[in-house]
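> Pasting a structure below so you can have a look.
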Amino acid sequence: MSNSNYFNQALHDMVFENACGAAIKRLADKSFPISYIHKQLDYPISFERVQRYVWQYYLDNKTLIYPDDKIDYTESNNIIIINEPKIKKTFIKEQGPYGKTTFRQVAAFEEEAGNSNNKNNSTKKYIACDFGILKNEKPDEFNYFLDSLDSNDKAYIIDLPWENKRVYHIMNKRMISIFKA
């Protein structure tokens, strides 16, 4: 990639992030379907770009995880449970070479701080989603499943770019509603 292409891509990404990145993240955190998020944006952007952005955001904030991610979990009935230690954030006062005082935030696991209780761990539950596999290999079953959902849940499932492999989605109100249907 040439320097001008690299610069143009970086500039484009920066403009995109400033124009609509925060809005997309806020709406995605509320579990809105991507089609709804796309309609709410004033910035001219393709649906596919919003799709990729939301998918990557879900992977980054661990709303979605792959089973091959390097995580410790226990599994039962297509639900995995992850115990993550809570992170304690503190500030350290530092003095620069010319006497300027600054504060730097540091994070430490609660266990390292001397608290090894299990109540300091946060438990997250994820449910197995084979929507990509169903969509690609068994479209009739996928459509039958979609027909049992209400329009918002159906749009949420259809709008995400599910890959042809198992993905785990965090158990939230949206996923509970989808899997009760």
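The values are calculated or read from the model by the stated rules, or taken from the named source; none is laboratory data. These numbers come from a predicted model, not from an experiment. Note that each Cβ is placed from the backbone with ideal geometry, even for glycine, and that neighbours are counted across all protein chains shown.
> Within the range 109-127, is there a residue that is part of a strand (DSSP E or B), within 20 Å of Arg174 (Cβ to Cβ), of a type in the set (Ser, Thr, Tyr) and modelled with pLDDT of 85 or more?
Yes - at least one qualifying residue is present in the range 109-127.
> Okay, next question. Does the range 64-85 contain at least one residue that is acidic (Asp, Glu), in a strand (DSSP E or B) and at pLDDT 85 or above?
So far as the range 64-85 goes, no, none of its residues is acidic (Asp, Glu), in a strand (DSSP E or B) and at pLDDT 85 or above.
> For the range 1-45, name all the residues that are of a type in the set (A, V, I, L, M) and either closer than 23 Å to Ile158 by Cβ or touching a residue at least 12 places away in the same chain (Cβ under 8 Å) (or both).
Ala19, Ala23, Ile24, Leu27, Ala28, Ile34, Ile37, Leu41, Ile45
> Could you check, for the range 45-60, whether at least one of its residues is modelled with pLDDT of 85 or more and in a loop (DSSP other than H, G, I, E, B)? Show your work before the answer.
Filtering the range 45-60 for residues modelled with pLDDT of 85 or more gives 45-60.
From the residues that got through so far, the ones that are in a loop (DSSP other than H, G, I, E, B) too are 45-46.
There is at least one residue in the range 45-60 that is modelled with pLDDT of 85 or more and in a loop (DSSP other than H, G, I, E, B).
> Restricting attention to the range 3-21, and to residues there that are small (Gly, Ala, Ser) and within 23 Å of Tyr57 (Cβ to Cβ), which single residue is modelled with the lowest pLDDT? Please lay out each step first, then the result.
Taking the range 3-21 and keeping what is small (Gly, Ala, Ser), we get 4, 10, 19, 21.
Still in the running and within 23 Å of Tyr57 (Cβ to Cβ): 10, 19, 21.
Details: Ala10: 88, Ala19: 84, Gly21: 90.
The selected residue is Ala19.
> Being in contact (Cβ under 8 Å) with a residue 12 or more places away in the chain, of a type outside the set (A, V, I, L, M, F, W, C) and closer than 15 Å to Ile178 by Cβ is the filter here; which residues of the range 135-149 pass it?
Across the range 135-149, the qualifying residues are Lys135, Ser148.
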